[in-house]
Amino acid sequence: MTDGAAQRAVLAVWRIEQPRLLAGLARMLRDVPLAEELVQEALVAALETWPSAGAPQNPGAWLMTTARRRALDHLRRDKMLARKHAALARTLEVEEQAMPDLDSRLDDDIGDERLRLIFTACHPILPREARAALTLRMICGLTTEEIARAFLQTEGAVGQRITRAKRTLSESGLEYETPRGEELARRMGSVLDVVYLIFNEGYAATRGDDWMRPQLMHEGLRLGRILTAIAPEEPEVHGLLALMELNASRAAARAGPDGTPILLPDQNRDLWDWAQIRRGLVALGRAQALGGEDGFHALQAAIVACHARARRPEDTDWGRIANLYAVLARGWPSPVIELNRAIAVGFAEGPAAGLAVLDTVAEAPALQRYHLLPSVRGDLLLRLGRKAEARAEFLRGAALAGNAQERAFLSRRAADCG
């Protein structure tokens, strides 16, 4: 195996095993930032060892053993906390196949290791955006660049936010602790943010060669379904699940055989997963029945439901979609929501009306590096017959796009303008 192949193998295994490693060490050390640091050390050790020695038969066990040894070394060095950690250090020497902790499982309100860790990291001591950024980086394995694009912020700003959040957790003396009852409910909003961002990075990847990352999309759906069992009376939980189910139902139609993106009006709707659409509509109905029809996720799900109910593009109720975006914008003012409203208005009232809405947010700082701003503007200009201006916008969008498929797609649209 070449060094490059070995490194790719290490990174592939690490992406799969990292949440389990982090959860296991955090539970033992009761310190999430420290656990993340030690897991990173295990990754470095694998990158140094595997290219020459070869990948072990059980890579996940190798990484866990290495990370545990690092943890044991840390506890032994930390003399000031020796008394507190003596019992914990002894548990690290127990074999991997030790009996499970049945008592803690009986007292577990969550029942999923990764979701439990997400709730733990979304501590109220941190600002809400910092909770999401820290959790996405540490627990979900997204890069700082991917998180920055999701928040429409610079990589440096997000990196600083994550660093400050880690420092706050470390200096606060807070221990790894699964929230329960009211404390769990207090963190639910942040957890929903994180789960949706995981899903969205899978649904429309911000970087890389593939437009979609199915593993992340399916993980977001899995976590959303678990959340509905944890909080069955919380409308926004059902709203989020509806939003993810309805969006995911179009996955098979969103790209061609070569991965080329296919826009919504051009998709073959026979490829949509109509069983998944029905599940999404049921979840949306549940959110509305619980009084959450005006919730952030429920409103977005209602918008996607308008598309899901249209068997043909011309059957889409763009007027209702534009009105729903207006309601969403009043509750959660955002240039991204206005950009999406511009698309809806462009179909409901014509491209000139859509362009007028878009012009109101064209100078918003958050959109200046967002490739969809020139992409949407180019589409509206093209429909108005202003091909030269549209071409310039598509080229600008291609230059900003972090995903290779989107970049190529926008470049082709620019070329089609002549």
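Here, each number is a calculation from the coordinates, and none is a lab measurement. All values derive from a computational prediction rather than experimental measurement. All Cβ positions, even for glycine, are placed from backbone atoms using ideal geometry, and neighbour counts span all protein chains on display.
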Computed Kirkwood radius, in angstrom, where 1/r is averaged over Cα pairs of region 369-418 | 10.1 Å
Given region 197-302, what whole percent of its Cα pairs are spread farther than 25 Å?
-> 21 percent
Amide H of G208: which non-local residues (sequence gap of 5 or more, or other chain) have their own amide H closer than 5 Å, using H built in the peptide plane?
-> A404
Taking GluC sites (Glu not before Pro) that fall in a DSSP loop and have at most 14 other Cβ atoms within 10 Å as cut points, what is the longest piece of the chain between them?
-> 234-362
Measure nothing but the geometry: give the 0 to 90° angle between the long axis through the Cα atoms of 128-138 and the longest principal axis through the Cα atoms of the chain, rounded to 10°.
-> 60 degrees
Region 369-418, relative contact order in percent, only Cα pairs under 8 angstrom and at least six apart counted = 38 percent
Cα gyration tensor, region 274-336 - rounded (a/c under 1.5), prolate or oblate | oblate
Non-local residues with an amide H under 5 Å from the amide H of A255, with H modelled 1.01 Å from N and Pro and chain starts lacking one, are I262
Ratio to report: Rg/Rh of region 317-363, with Cα atoms as the point set and Rh obtained by the Kirkwood method; give two decimals.
-> 0.94
Kindly provide the helix-only [θ] at 222 nm of the chain, computed as the sum of -39,500 (n - 2.57) over DSSP H runs of four or more divided by all residues, to the nearest 500 deg cm²/dmol?
-> -22500 deg cm²/dmol
For the chain, with equal point scatterers placed on the C-alpha atoms only and solvent neglected, what are the log10 I(q)/I(0) values from the Debye formula at q = 0.06 1/Å, to two decimals?
-> -0.29
